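Okay, structure first, notes after.
Derivation of every value follows stated rules applied to the coordinates shown; laboratory data play no part. The structure presented is a predicted model; accordingly, all values stated were derived computationally and were not measured. With ideal geometry, Cβ positions are generated from the backbone for all residues, glycine too; neighbour counts draw on all protein chains shown.
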Amino acid sequence: MVSLNLLQYRGDVKRALLVRKNELDQEWDPFVASWLAYAFAHERGAQSLLLQDVLQRLDSWVQEESAWVYKRNIGPLLFFIWLRKHLQLSISESYVEKTVKMLQELSVGQDDRFSPFRFPEQVFLMALGASALESSEARETLISDISSHVKGSVARQMLFNAALRELGEKIDLPLLKPVDITDTLVILWWSERYGEKVDKSQYWSQFESISDTILLNKAEEFDTRRILSEWELVLLYEALMQQTSRPDPIMLFDFYPLHPSIRKIAEEDFKNGSYFSAVFEACKVFFDFLRKCSGDINITEVQAVKKILGDPNAKDENLKPVIRLNPLESTSPDYRSQQNEQRGYGHLGIGVFMAFRHPKGHEPKDKEWVKIGPYEALDQLVVISLVMKRIEDAAGSNP
């Protein structure tokens, strides 16, 4: 189970990215600027001031003749095409043609030891840009060139394969074990970016195990921890953005303090993807819990709720629950609110059976309207857990 506060850590990484952005004022680097723009482009509200600032600076840079002199600049030059199209901005045909020509010339001499093809963090930027090109010939050439370089460390292979994914190739998550910090980061990022159907918690656990050995910003003197490069920071940031905006269901299940009985009965089915069964079994546990509370093994589900919490539709004088969730004192100025809470939980309890249990018990699980996904299943488990906890707390002990 991951104990790292991912939301807080995301904020820490964002601040580190801002520091790197400010450093561009002292030393301009189009490669760093491109990776920062990639990070900011995936935030909510892609037209942020941060992104606009980096975009404007890249826009000025690509118009300089010096930008086209060095072949190492092909990554940022191609990425600029992707960035403008990602933001639904126009880009001139002459710019595209000039960039494609530079790419083709580079491809001819790709075995040069100084070629950008030898640097996967450059190649990924190139692939993003090429993915936005209309020229299929340019994309196919790049695919061929990249494919010949898929070798080396785990991180190198993963980034080269990621570049191929961006160009439309069907590449699954390689079954590679991380050897160092960079490997761990890239595997984590891959699982989040490409939505692999894997237990992502294992990759977050791997990252947590090395998180104390890395620094997000420049180290103090004698600090032996590893400082992440800009592109490593960006990959980590994207993984955090993905996880915190759409968390891995298994991690959510592990983190959420469900009622122990609900967790025990639902865990195996939920983690195996059998969400229908997880909720169905939880409903059975809830009913068994209610029967014990009522002392009547022959009572029906809805009757059990009404007996224990009171009939939520009964008149005030007839609302006589076995277990009171609050004082329910008729002389209290809060009496109406106390009644509302008691009735509300009665409706929730009945709703568990009417909305969750009965459709799953009476209809085939392959019917589209009966199927549920991981987030809805977890929502339903939380509701069941909540009602059980409130009854249990009010009763003072386990029935």
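Per-structure values
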| read-out | value |
| --- | --- |
| Of K271/K371; K200/K360; K264/K284, those spanning more than 18 Å from alpha-carbon to alpha-carbon | K200/K360 |
| Residues S3 and L49, FRET efficiency given R0 of 25 Å [Cβ-Cβ distance, rounded to 0.05] | 0.15 |
| 28 Å tail of the calculated P(r), the stretch 6-247, as % of Cα pairs | 31 |
| Signed unit charges on C-beta, dipole axis of the chain, positive-most listed residue S385, Y194, Q122 | S385 |
| Relative contact order for the stretch 6-247, counting Cα pairs under 8 Å that sit 6 or more residues apart, in percent | 22 |
| Contact order normalised by residue count of the stretch 64-202, Cα under 8 Å, 6+ apart, percent | 21 |
| GluC sites (Glu not before Pro), loop per DSSP, at most 12 other Cβ atoms within 10 Å - longest free stretch of the chain | 222-328 |
| Helix 120-131 axis, angle to the chain major axis (alpha carbon atoms, nearest 10°) | 80 |
| In Å, descending, principal axis extents of the Cα set of the stretch 1-114 | 49, 34, 31 |
| Restricting the stretch 84-179 to chymotrypsin sites (Phe, Trp or Tyr not before Pro) in coil, as DSSP defines it, with at most 12 other Cβ within 10 Å | F114 |
| Packing-based exposure ordering (other Cβ within 10 Å, fewest first) of Y38, Y70 | Y70, Y38 |
| Per residue convex hull volume, Cα atoms of the stretch 243-365, in Å³ | 144 |
| Of the chymotrypsin sites (Phe, Trp or Tyr not before Pro) in the stretch 333-399, those whose Cβ has at most 12 other Cβ within 10 Å and which sit in DSSP loop | W369 |
| Size-normalised alpha-carbon gyration radius of the stretch 178-332, reference 2.2 N^0.38 Å | 1.65 |
| Rg in Å to one decimal, and Dmax rounded to a whole Å, for the stretch 44-107 via C-alpha atoms | 12.3, 37 |
| Calculated [θ] (222 nm, deg cm²/dmol) that DSSP helices of n ≥ 4 give over the chain, each run adding -39,500 (n - 2.57) | -19500 deg cm²/dmol |
| In the stretch 146-217, trypsin sites (Lys or Arg not before Pro) in a DSSP loop with at most 11 other beta-carbon atoms within 10 Å | K151, K170, K197 |
